[in-house]
Structure formats: C-alpha cells, structure tokens
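Please read the structure below before turning to the comments.
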Amino acid sequence: MRTDRPRPARTCDMQPARMRRRAVLAVLLITVAGVPVLASQASAAPVPVVNPPVGGGPVVSQAFETTTFEVGPMGSGNDSASGSGLVPRPSGAFGLKSISFDLVDEQGNSLDPMAVMLHHFVIGRVNSQDTACPGHRVGGFPVEPLVGTGMERTPIDFQDPYALLVGASDTWGGVWEFMNQTDQTLRFKIKYTIGVQPGASSLNTRGVTPYWAGAVGCPGTKTWDVPGDGGPGGVATRSWDWTMPADGVIVGIGGHMHDGGIDMVTKHEDGTVICTNTANYDMGMLMSIDRCPLHESVQAGEKLRVTTRYDNSQPHNDVMSAAVVFIWFGTQGTGVADNTYRQVPPARLLDTRQPGSVPIGPQQTVAVKVTGVAGVPDSNVDSVVVNLTAVNPSQNTHLTAYRSGSTRPGSSNVNAAAGQTVANLAIVPVGSGGEITIFNNAGTTNAIVDIEGWYGSAEPAGDRFSPVPPARLLDTRSAGGAVGPGETRTIQVAGVAAAPASGVSAALVNLTATDVTGATHVVAWATGETMPPTSNLNVVAGQTAANLAVVPVGADGSFTVVNNSASTELIVDLQGWYGPTAANRYGSVSPARVFDSRFGIGGPASVLGPGSTRTVQVAGVGDVPATGAQAVVVNLTGTGVTGATHVVAWATGTPMPPTSNLNLEAGQTAANLAVVPVGGDGSITIRNQSATDQVIVDVQGWYG
C-alpha cells in the first residue's frame, strides 16, 4: 500500500513513510475482544437501475430496505492497525442490492481520509467456498469473499433483476485495516449501509456470484512487488487467466488497487475489453476506482484475463490488484425473437429404462445430446422442443430441463407423484456440447426425452408461429364417443377456427384425456405419415390430464391421434399454427418465475378460489421485452388442490376462451406448458374454475 519512495510525478506524497503497511484482503473467523458491534436502522431509499438487462424490469417487484451497521469503536495513535471478527448483517434471507462504506468518528461524522484512511474492509461468507479459488482457506475455514472496499470506497450496487443472495443462516466475517495519519489518538468506527430486498431467492431473483480475480493468481488477495526499474513513465503489468465454469452474464466489475495503481483491464479470450477499472487520485491519494455496470455474456470454458498496470518509475512493495467480478451463472435472452421452427420426425433421445441406462437419483442430473442427432444439425440451434416424461418415480418429485453448462433455474417442467407416469412439453435452450440437462429433485425416477423439433436463426428460415384464440377441434364426449384401444381420430386443422386453409405445416394443440378406463398413452402425428415410436400424453384409470404438443399436419391439413389401450375421451384444443407465412419468430429466455400465489410473487399471497382470476404481468419481466411480445410460453403449475378443477390462461382484455390449459385433481401437483397471447397491457389472465388451489407461472419463452 504505502511506499517509502517518491510517488509518480502525477501524484503527491502527503503521508509519512512509516505508515506503510501490507494489506491482507481476506476474511478471518476470529472474535476480536473489545470491539463491540453496533447496528442501527436507516430510512429506505431506491437504487437506480443502470444499464438494465434485455427485457428490462425486475423479475418480481419487491420491497427495498436499507440498514446501516457499524463496527467499533476502535482506535490508534500515529500508526496502522487491523482487526477481524464476525460482523453484523440484516436478518433473514435477502438479496443484497447495494452497499456503501465510510469511516466515522464516535459521533457518526465522516472522517477526512487525509487524517484516517480506511485501507480495506472486506466482508465474507464463512464456511463457504471461494468461487474463483476453490480450496482457499483462511484461519482454517473456507471463506467466500463477498464485498469490500479500500481507500476507493466505491459503492456497489446491482440493477434489477440481480442481487447477491444471502441465506438466513449465513454467517458474515470481516477483516479491516486503517491508518491514523495524525499525531493524536483517535477513536472511530467502520460504517456500512446495505440495501436489501427481503425474501429474495433464486425463484424470483438472479443471484450473482462474486469472483475475486487477483492479477497474480489465487487467492485473489495475493500481493506482488513493483520493481521500480521502468524509468519516468514506466509501467509494470501482471496478468492472470481464469476459466468460466458455466455460461453466465457479468453484471458488474469493481476493483481494488494500492497507491501507484493505474488501472485493471478485464478481457475476453479473444482480447475484447470487458471493463477497465481506472484509479483516480486526489492530493496524492487513491480516492476511487471506476466500476463497470455490465451485461456481458461469457461462456462455459472461456478464459478471461485480468491485467493490472502500476507505475514502475519507482518501487511499490506488497501491492494488490483484485478485480471483483460479479457473475450471474445463467443465460440472458437476446431480447429479439429471431428463431424459426424446424420439425423433425419425433425420436427418442433418452430412455433410462433401457439396458445400459440407470434411473436418475435424487438431486442428480443427466445430460442429453440434442444436436447432431435425429435430424437436428450440429450448429445454429438455439432451443429444442422435447416431450419430457417422468416414469414411476419412487417418491413425489419434479424434473427440470435446462441449458447444459448454466445454473439450474428455480423452476420445474414436470411434476410427478410416486408411481405416476407424467409427460410435459418443454422448449429448452441448448447449452455447451449441444446438450440439455435433466435434473431430478427427489427419490429415483426413470426419464424419457422425445424430440419434436428445434428453433434456430440460421437461413434458410424455418416456420414462424401465429397464436390463435383457443378453439376446440375435438371433444369425443359430445361427438364420436370414447376412443377405444388402438382406435384413431383424424383432426382437421387447416381452414378451421383461425388457422388458414393453406400454408399450415404444424399445429400447436392441447391434448386432454378424461374418463380413462385404464393406463394408456396417446400419440399424435401427421395424417398420411408413419406413426412415430413416441408418445404425447400418458394417463391412468380415472385421471384427467393434458399435455401441449406441436403436431405436424399432413398434405390434407390434418393430423391423426391414436389411443394405445383401454378407452378414453379425448379433447383437442388449437392454440396456434406454424408455417412460412405465420407472423412470429421465437425468442428464448432463461426461465423466470413471474407468479406464485403461495409466496405473493407477481400478485397476492392467497389461494385461487372457485372462479378466481389473477392478472400476471409478462412483458418487461425477465428477458421478455417490454414491447413486441405477441405471446409467451409459460409453464402453468397447480398445487395444494382441494378438488377437481381446471385452469385457463388467456390474453388480458380479451374474452375468456371455452377451453382449458391445466387439469387438476384433489391433492395433485401438476404442470402443463401453454402458449398464451399477451394482452395490450403486457399481461395474461389466469382463472381457476372450481375448488381452491395455488398456481405458479414460469415464463420460458416468447413470440414476436
């Protein structure tokens, strides 16, 4: 930090040489006797949104609170001193949105840094692994550095929908060093003000991970010596490369340097500059370091490099250079719907029941290769359309499908009770290695993945999509009677309801089975083509269940459905059509929970009673743009159901359709994918028909 040699010509040394001390930027779990910890509340204040992500807007609107804490009082004569110990934090679980630092006297007045300098103050999560430097331990304990400051005292803030998530049981430790540069013995306190969103979690907030990337390697708090042999204007540099463990988005980069530091530059592997943290001086003292608010995508396996520059016209000993990089390990949508749809003959990509495969265990994942197979190309594939089936789980569970190499989202695709076989359609972004990942929450379960098509932006373009007001194409309860074992029905799409008479290549339909006499499955395919070796809907005796399907149509504009065994009534509701003249392209997003009646996300925390409706904002939420979205892809989940009911979703401000999206029974938790037109105000409406239930809405994509 300090040096007993003259500073560069552009600065002025205002401090005695004996004040030089080495900085130790780490977190120790040591209780410091005689250093009381104080806390006081401050008034709430908003944090401005800077450089918002594509789509704008928070994932969910939450209360914002600020709390001020103090560590001290402590003191020293004309010397430096340091300390460490447990430090206070807001109670409960929360998302840290901002933090600022100060050094104050016992009356709370800010101290002149020319008199007392806060060399550093770092807060870390005890018994948590350092992400950038795994295995790094301090005082025998694993510690994850979270936030900190030094002379620069640069505030840290995260724009919506990002926050640093803190658990209710997390313990914070702190380490600090200060320098009293007067001839008096002074008493002072470290003050920090934290802005939080209470109750923030991975279900409603994008949690960032702090990477303390030191320019001299791991840990990020290592020091190095500037030799001072560069002559006037000479510069010394040090660099360190580190590899991204998963796809992500850098949302901000701050930095810590000592006097003599010029800047730190973080770059992509190809040399493209991501951020330059420049040191700013006043009266010869480093007073601030520029911080970059960003939304810069990085990929799994990509190497990033941080390079620091110091004045090398004179020596500077034991200096530090830490770029503090905050990363959300997920994938950000482009905000542009630029993908069109290509059908492939339905094919089974995964069946863990087959020889050589094993069921997926609790909290376990399996990767599924989806590119370069079954008619899907090796490259330029944004997302795949798959039918995901859970088969005979050992206990109640859910499956989540997501982009390989990214953080698992806090949402689910399939909910299945022990012993059930349940399917649900999913549109899943493709990740590293051309794979998607399937996660099983509890127990063991077999899983099946059938591919139906893919989205991409490559030319020549594929089919676009046009949503339609939901229309019932078939209801065997009122026409034709139940479908027996092996029986088929042909369903006309082209020229029916709002679908055009020509140019329709596929239909988006909701398939529902009810009054089922035994276990069976239903298959849908283009009329005149060979029936595929896959299924679209699985049901058991007495069950009413639905599943969305993208079904190609034959030359006559129709498709065929078959019931495998037992007998069942079938209902087919049209939700949209695909073709070269359809209106909209597809935009992929990272799944976001936009409504959860259990916890008050996106609306009141209350059950939906018979006939109850809720309006759910979808435009401008997560990665869905504020304007231009004609329809959204949502996963609708019902739970805590007290009796048989169904849920309908439609565009706010338009008539409720005479169809349904999700069918539920007492005690059941079930999900179904739906493509819902967006109302003029950017919202959709959901309605519960009867009994009471809790409803969850996860956005998975959009059309525009």
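Mind checking whether some residue in region 156-178 is in a strand (DSSP E or B), at pLDDT below 85 and farther than 25 Å from residue 132 by Cα?
yes
Check residue 330 against each of (1) assigned to a strand (DSSP E or B); (2) surrounded by 21 or more Cβ atoms within 10 Å (Cβ to Cβ) and name the one condition it does not meet.
Evaluating residue 330 over (1) assigned to a strand (DSSP E or B); (2) surrounded by 21 or more Cβ atoms within 10 Å (Cβ to Cβ) leaves (1) as the failure.
Could you please find all residues in region 383-401 being farther than 19 Å from residue 549 by Cα and under 21 Å from the mean Cα position of the chain (by Cα)?
Selection gives 398 alone.
Can you tell me which residues in region 423-433 are open to solvent by 10 Å² or more (accessible area, probe 1.4 Å) and either over 17 Å from residue 549 (Cα atoms) or under 16 Å from the mean Cα position of the chain (by Cα) (or both)?
Within region 423-433, 429, 430, 431, 432, 433 qualify.
Can you tell me which residue within region 638-687, out of those that are within 23 Å of residue 386 (Cα to Cα) and of a type outside the set (A, V, I, L, M), is most open to solvent (accessible area, probe 1.4 Å)?
It comes out as 669.
Within region 79-98, restricting attention to residues that are open to solvent by 30 Å² or more (accessible area, probe 1.4 Å), out of contact with any Gly (no Cβ under 8 Å at 6 or more places or on another chain) and not small (Gly, Ala, Ser), which residue is farthest from residue 188 (Cα to Cα)?
89
Quick check on my filter: what residues within region 411-422 are in a strand (DSSP E or B) and open to solvent by 10 Å² or more (accessible area, probe 1.4 Å)? If you could, list the steps in order and put the result at the bottom.
Start the filter on region 411-422 by keeping residues that are in a strand (DSSP E or B), which leaves 414-416, 421-422.
Passing the criteria: 415, 421, 422.
Being over 24 Å from residue 451 (Cβ atoms) and either in a strand (DSSP E or B) or open to solvent by 10 Å² or more (accessible area, probe 1.4 Å) (or both) is the requirement here; does residue 573 meet it?
On the way: over 24 Å from residue 451 (Cβ atoms): no; either in a strand (DSSP E or B) or open to solvent by 10 Å² or more (accessible area, probe 1.4 Å) (or both): yes.
For residue 573, the condition - over 24 Å from residue 451 (Cβ atoms) and either in a strand (DSSP E or B) or open to solvent by 10 Å² or more (accessible area, probe 1.4 Å) (or both) - is not met.
Can you tell me which residue within region 213-230, out of those that are in a loop (DSSP other than H, G, I, E, B) and open to solvent by less than 10 Å² (accessible area, probe 1.4 Å), is farthest from residue 258 (Cα to Cα)?
Taking region 213-230 as the starting set, the residues that turn out to be in a loop (DSSP other than H, G, I, E, B) are 215-222, 227-230.
Subset that is open to solvent by less than 10 Å² (accessible area, probe 1.4 Å): 215, 217, 220.
Details: 215: 13, 217: 17, 220: 14 Å.
Result: 217.
So residue 621 fits all but one of (1) surrounded by fewer than 24 Cβ atoms within 10 Å (Cβ to Cβ); (2) among the β-branched types (Val, Ile, Thr); (3) not in a strand (DSSP E or B); what number is the exception?
Against the list (1) surrounded by fewer than 24 Cβ atoms within 10 Å (Cβ to Cβ); (2) among the β-branched types (Val, Ile, Thr); (3) not in a strand (DSSP E or B), residue 621 comes up short only on (1).
Evaluate the following for residue 167: is it open to solvent by 10 Å² or more (accessible area, probe 1.4 Å) and touching a residue at least 12 places away in the same chain (Cβ under 8 Å)? Before the answer, list the steps.
Details: open to solvent by 10 Å² or more (accessible area, probe 1.4 Å): yes; touching a residue at least 12 places away in the same chain (Cβ under 8 Å): yes.
The answer is yes for residue 167.
Out of curiosity, is residue 125 surrounded by 19 or more Cβ atoms within 10 Å (Cβ to Cβ) and in a strand (DSSP E or B)? Spell out how you get there, then give the answer.
Working: surrounded by 19 or more Cβ atoms within 10 Å (Cβ to Cβ): yes; in a strand (DSSP E or B): yes.
Answer is yes for this residue.
Look through 311, 351 and report the one residue that is open to solvent by less than 20 Å² (accessible area, probe 1.4 Å), touching a Pro at 6+ places or on another chain (Cβ under 6 Å) and in contact (Cβ under 8 Å) with a residue 12 or more places away in the chain. Spell out how you get there, then give the answer.
Working: 351 fails: touching a Pro at 6+ places or on another chain (Cβ under 6 Å).
Of the residues listed, the single one that is open to solvent by less than 20 Å² (accessible area, probe 1.4 Å), touching a Pro at 6+ places or on another chain (Cβ under 6 Å) and in contact (Cβ under 8 Å) with a residue 12 or more places away in the chain is 311.
Among the listed residues 632, 594, which satisfies the condition of being crowded, with 20+ Cβ neighbours inside 10 Å, at pLDDT 90 or above and within 20 Å of the chain's Cα centre (by Cα)? Break it down into steps so the answer makes sense when it comes.
Details: 594 fails: at pLDDT 90 or above.
The match here is 632.
Could you list all residues from region 546-570 that are farther than 18 Å from residue 496 by Cβ and part of a loop (DSSP other than H, G, I, E, B)?
Passing the criteria: 564, 565, 566, 567.
Considering region 676-696 alone, what residues qualify as being of a type in the set (A, V, I, L, M) and in contact with a Leu (Cβ under 6 Å, 6 or more places away or on another chain)?
Our first condition is that a residue be of a type in the set (A, V, I, L, M); within region 676-696, this holds for 676, 678, 684, 686, 691, 695-696.
The answer is 695, and nothing else.
Conditions: (1) in contact (Cβ under 8 Å) with a residue 24 or more places away in the chain; (2) over 23 Å from residue 188 (Cβ atoms); (3) open to solvent by 20 Å² or more (accessible area, probe 1.4 Å). Residue 135 meets all but one. Number of the miss?
(1)
Would you check if there is a residue in region 199-212 being open to solvent by 40 Å² or more (accessible area, probe 1.4 Å), of a type in the set (Val, Ile, Thr) and at pLDDT below 85?
No, because not a single residue in region 199-212 is open to solvent by 40 Å² or more (accessible area, probe 1.4 Å), of a type in the set (Val, Ile, Thr) and at pLDDT below 85.
Quick one: in region 545-580, which of the residues that are touching an Asp or Glu at 6+ places or on another chain (Cβ under 7 Å) and of a type in the set (S, T, N, Q) is farthest from residue 465 (Cα to Cα)?
By that ranking, first place goes to 568.
Select the strands (runs of 3 or more DSSP E) contained entirely in region 450-532, then report the ones holding at least 2 residues which are in contact with a strand residue (DSSP E or B) (Cβ under 9 Å, 6 or more places away or on another chain) and buried (at least 22 other Cβ atoms within 10 Å of the Cβ). I'd like the intermediate steps shown before the answer.
Details: elements: 464-475, 488-492, 506-514, 520-526.
In region 450-532, the matching strands (runs of 3 or more DSSP E) lie at 464-475, 506-514, 520-526.
Among the residues of region 576-591, count how many are open to solvent by less than 30 Å² (accessible area, probe 1.4 Å) and among the aliphatic types (A, V, I, L, M).
Kept after step one, since they are open to solvent by less than 30 Å² (accessible area, probe 1.4 Å), are these residues of region 576-591: 576-579, 582, 584, 586-590.
Still in the list and also among the aliphatic types (A, V, I, L, M): 582, 589.
Residues in region 576-591 being open to solvent by less than 30 Å² (accessible area, probe 1.4 Å) and among the aliphatic types (A, V, I, L, M): 2 in total.
All but one of (1) in contact (Cβ under 8 Å) with a residue 24 or more places away in the chain; (2) outside any strand (DSSP E or B); (3) closer than 28 Å to residue 260 by Cβ hold for residue 112; state the number of the condition that does not hold.
(1)
The values are calculated or read from the model by the stated rules, or taken from the named source; none is laboratory data. None of the values given here were measured: they were computed from a predicted structure. Every residue, glycine as well, gets a Cβ built from its backbone with ideal geometry; the counts of neighbours run over all protein chains shown. Each accessible area value is taken on the protein alone, full model and side chains, heavy atoms only, with ligands, DNA and RNA left out. Shrake-Rupley method; radii C 1.70, N 1.55, O 1.52, S 1.80 Å.
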